[in-house]
Amino acid sequence: MFFSLAIASDQISRVRPKGKADNKVDIACLYYLPFCHVFVSADNLHKRVVPLFLRSDQTFVDAAELKTDLQKLDAYYWALPEEVKNTGFYKFAKHPPLDDSFLVTRLWDKRGIEWREQVSKADPPDKLRDTKIIEELKRISDAAKSSDPNARLSIEDTVFMQISRTVARKKGKWDRFGPEVK
């Protein structure tokens with residue numbers, strides 16, 4: 001209904017330049033709004049229309065602004081000492097910097113998650129706990145029986161299911177894990 005009214009009142013153009021998606025397709029993206037906290041787009045129509053439909057707990061972010069902030073985050077983390085970077089970004093970049101000059105930090109703050117408190121209460125590493133977890137995962141993995149991926153198993157015959165994936169050690173220029181992770 002909004003689209004029809006906006007077209008009828010010439011608030012939205014009836015035609016788009018060649019090579020651009022139809023305005024109807026752009027408006028259809030608004031169906032995702034109820035399911036997101038942050039809506040990112042570079043589309044001019046979205047920039048004008050999305051703020052009209054946002055709830056108070058939602059944010060619209062211009063894609064160019066996010067891209068700039070991500071480059072700023074990359075530079076921030078890249079400036080860390082080598083010994084920190086060598087631990088892998090899953091250790092040193094679990095959360096954005098505490099500095100709220102970063103858009104990503106402000107978005108995390110807006111979500112209401114108490115992430116800043118969790119950072120200050122970080123549990124110290126527990127080698128014994130980690131070893132027990134790894135041993136249990138290895139026990140489960142060793143006990144797993146391969147099955148035909150096309151076969152259907154009954155719930156009674158299934159104690160657990162394991163899906164294994166290989167994760168590349170690097171993502172672009174970044175090490176994901178420290179050298180202690182195999």
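The values are calculated or read from the model by the stated rules, or taken from the named source; none is laboratory data. Predicted, not measured: the structure shown is a model, and the values here were computed from it. When we count neighbours, we look across all protein chains shown, and the Cβ atoms used for this are built from the backbone with ideal geometry, even at glycine. Ligands, DNA and RNA are excluded from the accessible area calculation, which covers all protein heavy atoms including side chains. Shrake-Rupley method; radii C 1.70, N 1.55, O 1.52, S 1.80 Å.
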Could you pull out the GluC sites (Glu not before Pro) across the range 77-119 that fall in loop regions by DSSP (anything but H, G, I, E, B) with no more than 14 other Cβ atoms inside 10 Å? E114
Taking only protein heavy atoms and a 1.4 Å probe, what accessible area per residue, in Å², does the range 32-182 have with all protein chains in place? 78
If you fit an axis through the alpha-carbon atoms of helix 127-143 and take the longest principal axis of the Cα set of the chain, what angle between them do you get, 0 to 90°, nearest 10? 90
Work from the charge dipole of the chain (Cβ charges, +1 for Lys and Arg, -1 for Asp and Glu, about the Cα centre) and give the residue of L66, F92, L54 farthest towards its positive end. L66
I need the trypsin sites (Lys or Arg not before Pro) found in the range 91-170, filtered to DSSP loop residues with at most 15 other beta carbons within 10 Å of theirs. K94, R111, K121, K145, R152, R165, R169
Per-residue counts of other Cβ atoms within 10 Å, averaged by peptide: what ranking do you get for 30-36, 49-55, highest first? 49-55, 30-36
Calculate the radius of gyration of the Cα atoms of the range 43-162 to one decimal place, then report Dmax, the largest Cα-Cα distance, as a whole number, both in Å. 22.0, 56
